[in-house]
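Some notes on the structure that comes next.
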Amino acid sequence: GEMAQDMTEKELLKMELDQLKKEVKNERQMVSKTGKEIKEYIESMSGEDPLLKGIPEDKNPFKEKGGCTIS
């Protein structure tokens, strides 16, 4: 954005440092472990997933109301 262009290099580096200080506190886990957990969660919720099972016509808020006629 424009904000970053107006900043000095020192300000940008300080911003980056602040961000890294926040990120270093994040708990890290192996992808091999978390990937399996995510997969299990997705599979357990798949029955409720509208992207997988679709949305019933009567419950779809984006369904077009009526058509259009070209004469």
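The values are calculated or read from the model by the stated rules, or taken from the named source; none is laboratory data. Note that this is a predicted model, so its numbers are computed, not measured. Only protein heavy atoms, including side chains, enter the accessible area calculation; ligands, DNA and RNA are left aside. Shrake-Rupley method; radii C 1.70, N 1.55, O 1.52, S 1.80 Å.
Results, tabulated for the structure shown:
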item	result
Residues of the range 9-59: accessible area per residue with a 1.4 Å probe, Å²	102
Tally of Lys pairs whose C-alpha atoms are under 24 Å apart, taken over the chain, 8 or more apart or cross-chain	12
222 nm mean residue ellipticity, helices alone, for the chain (DSSP H n ≥ 4; -39,500 (n - 2.57); rounded to 500)	-15500 deg cm²/dmol
Semi-axis lengths, Å, the chain, gyration tensor of Cα atoms, sqrt of 5 times eigenvalues	44, 29, 8
Carbon + sulfur, % of accessible area of the range 9-59 - ligands and nucleic acids excluded, 1.4 Å	60
The chain: angle of helix 31-45 to the longest principal axis, Cα-based, in degrees nearest 10	20
